[in-house]
Amino acid sequence: MAGTAAVVKDSVMSRELQQDCVDCAAHALNVMNLREQTAIAQFIVRELDSKYGSRFHCIVGRSFGSYVGHDGQYFIYFFIGDCAFLIWRTVDTFQERVFYVPVNDIAVGRSVYDIKNNTHPSTESQVPLVTCGPTQGDEAH
C-alpha cells in the first residue's frame, strides 16, 4: 500500500494496534475497493473483532461529529486522504472505567514515522502515519 499515508489526529492505543487499524482501513479502500462507508466500517470492525476480541466500533466518513465512550486503551481517530476513521472499543462491563474524548480536541504539531518501527516509512506492507501531537506510549526523541 505504498503511497498511502494516514494522518492520526488522536490515539490512545498501542502502536501495533494503531498500525493494524490503519492497515485495515487502507486495505478496505485500496485492495477491496470498498466505497460505501457502512461496508468499510463493517469490514474494519469484523477484522479487529476477529483479531482482538469483540466490542470494536467504527465510524467512516468525510464529515461527522462524535462523542464516544471507550476502553482507556482503545481509541483512534485518523484520516486517509479526505476520509476520516474513528475506531474505538468499549468495555465489557459498566464497572470498568470509560474515557470520553471529543474528536475535535486535537493537538497541534506533526511528525512522520512508521508506528511499528518508529522510523520513516520504507516498506510497502505498512501504511505510513502522520501523527499530530503525542500519543500514549510515545517515547521522547
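Laboratory data are not the source of any read-out in this text; all were calculated from the coordinates shown. Keep in mind that what you see is a predicted model, and the values were worked out from it rather than measured. Note that each Cβ is placed from the backbone with ideal geometry, even for glycine, and that neighbours are counted across all protein chains shown.
What is the extension gain from S66 to T38, computed as 0.36 nm multiplied by their sequence separation minus the C-alpha to C-alpha distance, in nm to one decimal? Roughly 8.5 nm would be gained on extension.
If neighbour count is taken as other Cβ atoms inside 10 Å, put R35, R89 in order from fewest to most.
Result, fewest neighbours first: R35, R89.
Under the simplified labelling scheme, the E16-C83 pair shows an inter-label distance of 2.7 nm, with each label point 7 Å from Cα along Cα→Cβ. With a simple spin-label model that places each label point 7 Å from the Cα along the Cα-to-Cβ direction, the separation between Q73 and A5 comes to 3.1 nm.
Annotation: amide H of M13 within the under-5 Å range of F75, Q136, sequence separation 5 or more or interchain, hydrogens built in the peptide plane.
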